[in-house]
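Novice: Structure below; questions to follow.
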Amino acid sequence: MPVLRDTHRQRQTQSHYDTFPYEVGVRQSLVYESPHTLMGRFITEIKGGSILDIGCGPGNLLAPLAQRGNRVWGLDLSWQTLHLAVEHLHQSGQGSKVQLVQGSALVLPFASGQFDRVFAVGSLHHTPNARAGFSELCRVLNAEGRAYIALYRKYSYYHVLYQTLGKIARLCEKNRLLALIINRLLILPLFLIYFVLGRWIIHRRLQIPRWQESLNYFADQLLNPVVSFHTSAEIESWAHQTGMKISEIATAHAGALLNIVICRP
């Protein structure tokens, strides 16, 4: 069993998502079923089996996965987001088909080779060591299994945004008055426009979020204290080192994300 690394930074991530759970209203999006997206194709090809969603958050993926898998687990570091996942699964009628676990992506509480499909969509880059999380993901994937991973892409527009505007926002957040004036009254309204346009482009839905939903999305994008960015060459190196291969790779969100499917050679 691997040793838990950098517990301080993991506590930072846990505290962040307990305060700002990533609830952005895309649970019913057709992106999960669309043959025009890599994720949609990956999900629609699932025919039973055991599935793990690492960093499941409030359960955006769990309901569609429960409709296709025989056994589904969702793991997250944040208790608050797991509570939301329970509510969302209950509303979808899939609650009895999913087991939720609180834990770290760096030390998965599962046996080696336990899962047929593993998802880590936007989660490994919020760990202190995305490479270690990748290795753990590979460990729990069985010999015939496949995994779907989404990681922030290095040198993308979002990488620049996080390091510039995000740095200002994180500094302002340390002062209550600056957080109110700069972040809530100036930057957040701009992110509301960014949110609405992004949902229209990605999901083809005109979606006006609630205030809390907008705040949570803003916090995820700019205030998150633990974020890493990666290149496709870096992921290929990880795959080679762990005895895996990349079977498909694509960019998404205007190049901000690397979407990757891996399997054993």
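None of the figures in this text is laboratory data; all of them are computed from the coordinates on show. Since this is a predicted model, take the numbers as computed values, not measurements. Cβ: placed from backbone, ideal geometry, glycine included. Neighbour counts: every protein chain shown.
Novice: Only residues of segment 122-148 count here: report those whose backbone N is under 16 Å from the spot 7 Å along Cα→Cβ of L161, or say none.
Specialist: Backbone N within reach: 122.
Novice: Still on this structure: Using Cβ counts within 10 Å as a stand-in for footprinting exposure, how do W79, W238 rank, fewest first? Walk me through the numbers before you get to the answer.
Specialist: On the way: W79 12, W238 22.
By the 10 Å Cβ count, ascending: W79, W238.
Novice: Could you put V227, V196, V98 in order, starting from the residue whose Cβ has the fewest other Cβ atoms within 10 Å?
Specialist: Numbers: V227 19, V196 16, V98 23.
So the residues, fewest neighbours to most, are V196, V227, V98.
Novice: Another question about this same structure. Which residues' amide hydrogens lie under 5 Å from the amide hydrogen of V118, considering only partners 5 or more residues apart or on another chain, with H built in the peptide plane?
Specialist: Residues meeting the criterion, in which the H sits 1.01 Å from N, are L52, R146, A147, Y148.
Novice: Under 14 Å Cα to Cα from K167, which aspartates and glutamates show up? Leave out anything in the same chain fewer than 8 places away.
Specialist: Correct list for K167: D220.
Novice: For Cα pairs less than 8 Å apart in space and 6+ apart in sequence, what is the mean separation divided by the residue count of the chain, i.e. the relative contact order in percent?
Specialist: Details: 468 pairs, mean separation 54.7, N = 265.
Once divided by the residue count of the chain, the mean separation gives 21 percent.
Novice: Moving to a separate point now. Evaluate the distance, in nm, between pseudo-label points positioned 7 Å from the Cα of Q241 and of W211 along their respective Cα→Cβ axes.
Specialist: A separation of 4.6 nm, rounded to one decimal place.
Novice: With n ≥ 4 as the cut-off for DSSP H runs, can you work out [θ] at 222 nm for the chain, using -39500 (n - 2.57) per run divided by the number of residues, rounded to the nearest 500? Spell out each step's value before the answer.
Specialist: Details: 10 runs with 99 residues, N = 265.
Here the helix-only value at 222 nm equals -11000 deg cm²/dmol.
Novice: While we're here: Applying a 10 Å radius around every beta-carbon, put 85-92, 44-51, 129-136 in order of their mean neighbour count, most first. Spell out each step's value before the answer.
Specialist: Working: 85-92: 17.1, 44-51: 15.0, 129-136: 22.1.
My ranking of the peptides, most packed first, is 129-136, 85-92, 44-51.
Novice: Helix by helix through the chain, keep the DSSP H runs that span 15 Å or more along the axis on Cα and average at least 0.5 on Kyte-Doolittle, and give those back in order. Before the final figure, lay out each step's value.
Specialist: Numbers: long enough: 7-19 (18 Å, -2.58); 79-92 (20 Å, -0.36); 130-140 (16 Å, 0.29); 188-203 (21 Å, 1.66).
Correct list, ordered by number: 188-203.
Novice: While we're on this one: Enumerate the calculated ³J(HN,Hα) couplings along segment 221-227 in order (Karplus 6.51 cos²θ - 1.76 cosθ + 1.60, θ = phi - 60°), each rounded to whole Hz, writing x wherever the residue is Gly or Pro.
Specialist: Here the 3J(HN,Hα) series is 7, 10, 9, 4, x, 10, 9 Hz.
Novice: So, in Å, what gap is there between the alpha-carbon centers of segment 112-146 and segment 66-107?
Specialist: Rounded to whole Å, the Cα centres lie 16 Å apart.
Novice: Can you bin segment 157-223 into rounded, prolate or oblate? Criterion: square roots of the alpha carbon gyration tensor eigenvalues sorted a ≥ b ≥ c, rounded for a/c under 1.5, prolate for a/b above b/c, oblate for the rest. Could the numbers behind the result be given before it?
Specialist: Numbers: a/c = 2.77, a/b = 1.56, b/c = 1.78.
Cα axes put segment 157-223 in the oblate bin.
Novice: Each label point is 7 Å from the Cα along the Cα-to-Cβ direction; what then is the distance between the points at E144 and Q67, in nm?
Specialist: 2.5 nm
Novice: Check L100: other-chain or 5+ apart residues with amide H under 5 Å from its amide H, H built from backbone geometry?
Specialist: G74
Novice: Just the number, please: percent antiparallel of the DSSP beta bridges in the chain, rounded to the nearest 5. Don't skip to the end; give the middle numbers.
Specialist: Working: 14 of 34 bridges.
Among the beta bridges of the chain, antiparallel pairing accounts for roughly 40 percent.
Novice: I want to check the label-to-label distance for E87 and I168. Put each point 7 Å from Cα in the C-beta direction and report it in nm to one decimal.
Specialist: According to this spin-label approximation, the distance is 3.3 nm.
Novice: Quickly rank 104-112, 174-182, 161-169 as a protection proxy: mean count of other C-beta atoms within 10 Å, highest first. Don't skip to the answer; put the middle values down first.
Specialist: Numbers: 104-112: 18.1, 174-182: 12.2, 161-169: 15.7.
Listed from highest to lowest mean packing, they are 104-112, 161-169, 174-182.
Novice: With a ≥ b ≥ c taken as the square roots of the eigenvalues of the C-alpha gyration tensor of segment 172-265, please select rounded if a/c is under 1.5 and otherwise prolate if a/b is larger than b/c or oblate if it is not? If you can, show how the numbers build up before the last one.
Specialist: On the way: a/c = 3.84, a/b = 1.87, b/c = 2.05.
In terms of gyration-tensor shape, oblate.
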